[in-house]
Amino acid sequence: MAYPRLMRVAQHFEAPTVDDIPGTVRDEVARLNLSSQVKAGQTIAISVGSRGIANIALIVKSLVNELKALGGKPFLVPAMGSHGGGIAENQRGIIESYGVTEEFIGAPIRASMETVEVGRTEEGVPVLFDKFAFEADHVAVVARVKPHTGFNGEIESGLHKMMLIGFGKHKGAALYHQAIIHFSWDQMVRSIARTVIEKCGVLLGLGIVENQYDETALIEAVAPGDFLEREKELLVLAKRWMPRLPFENIDLLVVDRIGKDISGAGMDTNVIGRKYNDHRATDSERPRITRIYVRDLTDETHGNASGLGMAEYCHRRAVDRMNREATYINCMTGNAPSGASIPITFDNDRRALSLALGTVGLVEPEQARVVRIHDTLDLREILVSEAYLPEVESRSDLSVVTPPVDLKFDSNGDFLPFV
């Protein structure tokens, strides 16, 4: 069959960056004037999550150094709900795969799935918190602030979610996602966070916001009493700076890799326009993508294929690398079991493309609007079909890097690498 020709296109963003991470962390911690709160020898638990946050190892190392300078004894807690199959050593392995090791950071890692009930919300929901962190003198909440993949509100994913889902471990994450069925996300996140701040010795938050190029755009230390209002403001910035697909309508989106390090949903629903429905956008969502084809999982997701069920098609490689137990636990804990569903599976890209293009509507294959991306974090350069050329040429935020060329496949019928 005839395939659409693809061209490489660059997106251009005005993207702020943090040039001196250690210096910025130093200044931010100093701004909170914590010397009167941290006594010599006191322990401080620092959260480290499972997301692929840019520069996370250096950010955490810098925070550890500043807390040591105050006389504290910081240690790290893998804070990621049910990720890693809900197994402590797996969670430790996840943060180590990001370079967050005891040797580099200069602080011990204390991984456990054990929690303590520290209180109950006014709605009667138990508040669970990591045992090691609860026993520490202080807690430092480190989190990237960004739009949530399943909820809308003034508070979405960030410091508050880390206090709930991260420090809540598997048991807490499962409990809170069930509570959200009866109460709203906004109500639960505020109510549980109030209890955590009151009962768990929260010393500070370190909020991170990234730009459209998956780079560190902002690092800010936040006092516990300011978490609510400041996180609202940081979320506004995060939404302004988040990467996006440049077109409103796409017939077929090819995603080279998905994973928990990319997004909690495997592929960011704020990017693909499927935040509320697995297989179509709502009337208010953009882009509108008719079909999604997933080719692989990231190495860093350790087999967790959460979000694969949002795609209509996938490569067999993604299914073969899937750790079903870890995926099922994660999706069921998040009360989103459909995310673990396995799409129609193909042995190679040629067959996937041939059949997928036959399901996008009344459009000839060579005229189809096709976009290929590395993942939903890396949208700096993308491959797009020739059908988009008139629009690309008319826009100042897009430029053609390489002109349209015929698709080529390797001996196995797979796409050539997109580097």
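The values are calculated or read from the model by the stated rules, or taken from the named source; none is laboratory data. This is a predicted model, so every value here is computed, not measured. Don't worry about glycine lacking a Cβ; one is built from the backbone with ideal geometry, like all the others, and counts go over all protein chains shown. Surface accessibility is based on the protein's heavy atoms, side chains included, excluding ligands, DNA and RNA. Shrake-Rupley method; radii C 1.70, N 1.55, O 1.52, S 1.80 Å.
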Residue count, region 307-334, condition open to solvent by 10 Å² or more (accessible area, probe 1.4 Å), in contact with a Gly (Cβ under 9 Å, 6 or more places away or on another chain) and part of a loop (DSSP other than H, G, I, E, B), comes to 4
Assigned to a loop (DSSP other than H, G, I, E, B), over 21 Å from the mean Cα position of the chain (by Cα) and not basic (Lys, Arg), is that true of ASP19?
yes
Scanning region 16-42 for residues that are of a type outside the set (Ser, Thr, Tyr) and touching an Asp or Glu at 6+ places or on another chain (Cβ under 7 Å), the one farthest from ALA352 (Cα to Cα) turns out to be GLN42
The residue from ASP251, ASP299 that alone is of a type in the set (D, E, K, R), over 21 Å from GLU156 (Cβ atoms), surrounded by fewer than 24 Cβ atoms within 10 Å (Cβ to Cβ) and more than 16 Å from the chain's Cα centre (by Cα) is ASP251
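Of all residues being touching a strand residue (DSSP E or B) at 6+ places or on another chain (Cβ under 8 Å) and surrounded by fewer than 24 Cβ atoms within 10 Å (Cβ to Cβ) in region 52-66, which is nearest to LYS146 (Cα to Cα)? Just the residue, please. Don't jump to the end; show me each part of the working.
Step one: list which residues in region 52-66 are touching a strand residue (DSSP E or B) at 6+ places or on another chain (Cβ under 8 Å), which gives 53-56, 59-60, 63-64.
Right, trim to surrounded by fewer than 24 Cβ atoms within 10 Å (Cβ to Cβ) and you get 53-56, 64.
Working: ILE53: 11, ALA54: 13, ASN55: 16, ILE56: 15, VAL64: 24 Å.
Filtering first and then ranking leaves ILE53.
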Reported set for region 52-62 where residues are out of contact with any Lys or Arg (no Cβ under 6 Å at 6 or more places or on another chain) and either in a loop (DSSP other than H, G, I, E, B) or under 16 Å from ASP137 (Cβ atoms) (or both) is GLY52, ALA54, ASN55
ALA221 passes all but one of the listed conditions (1) part of a loop (DSSP other than H, G, I, E, B); (2) among the small types (Gly, Ala, Ser); (3) open to solvent by less than 30 Å² (accessible area, probe 1.4 Å); the exception is number (1)
When region 3-16 is checked residue by residue, the ones that are assigned to a loop (DSSP other than H, G, I, E, B), open to solvent by 40 Å² or more (accessible area, probe 1.4 Å) and touching a residue at least 40 places away in the same chain (Cβ under 8 Å) are TYR3, ARG5, HIS12, PHE13, PRO16
Considering region 75-98, residues that are among the charged types (D, E, K, R) and within 20 Å of the chain's Cα centre (by Cα), and then whichever is most open to solvent (accessible area, probe 1.4 Å), we arrive at GLU96
SER284 meets each of (1) small (Gly, Ala, Ser); (2) surrounded by fewer than 22 Cβ atoms within 10 Å (Cβ to Cβ); (3) touching a helix residue (DSSP H, G or I) at 6+ places or on another chain (Cβ under 8 Å) with one exception, condition (3)
The condition from (1) of a type in the set (Ser, Thr, Tyr); (2) at pLDDT 95 or above; (3) open to solvent by 10 Å² or more (accessible area, probe 1.4 Å) that THR216 misses is numbered (3)
The strands (runs of 3 or more DSSP E) lying wholly within region 99-182 that contain at least 1 residues that are of a type outside the set (Phe, Trp, Tyr) and open to solvent by less than 10 Å² (accessible area, probe 1.4 Å) are 126-130, 138-144
Checked against (1) out of contact with any strand residue (DSSP E or B) (no Cβ under 9 Å at 6 or more places or on another chain); (2) of a type in the set (Gly, Ala, Ser); (3) modelled with pLDDT under 95, GLY99 satisfies every condition except (3)
Quick check on region 351-360. Is at least one of its residues closer than 22 Å to ASP296 by Cα and assigned to a strand (DSSP E or B)?
no
Those residues of region 92-133 that are of a type in the set (A, V, I, L, M, F, W, C) and under 25 Å from GLU66 (Cα atoms) come to a total of 11
Given (1) surrounded by fewer than 17 Cβ atoms within 10 Å (Cβ to Cβ); (2) touching a helix residue (DSSP H, G or I) at 6+ places or on another chain (Cβ under 8 Å); (3) in a helix (DSSP H, G or I); (4) not polar (S, T, N, Q), VAL400 misses just (3)
Here the residues within region 190-205 that are in a helix (DSSP H, G or I), open to solvent by less than 10 Å² (accessible area, probe 1.4 Å) and either modelled with pLDDT of 95 or more or closer than 15 Å to VAL141 by Cα (or both) are ILE192, ALA193, VAL196
Sole miss for HIS182 among (1) without any contact (Cβ under 8 Å) to a residue 60 or more places away in the chain; (2) within 19 Å of the chain's Cα centre (by Cα) is condition (2)
Listed by first then second residue, the pairs whose first member lies in region 314-341 and is closer than 18 Å to TYR293 by Cβ, whose partner is open to solvent by 50 Å² or more (accessible area, probe 1.4 Å) and part of a strand (DSSP E or B), with beta carbons under 8 Å and at least 6 positions apart or on separate chains, are CYS314/ILE344
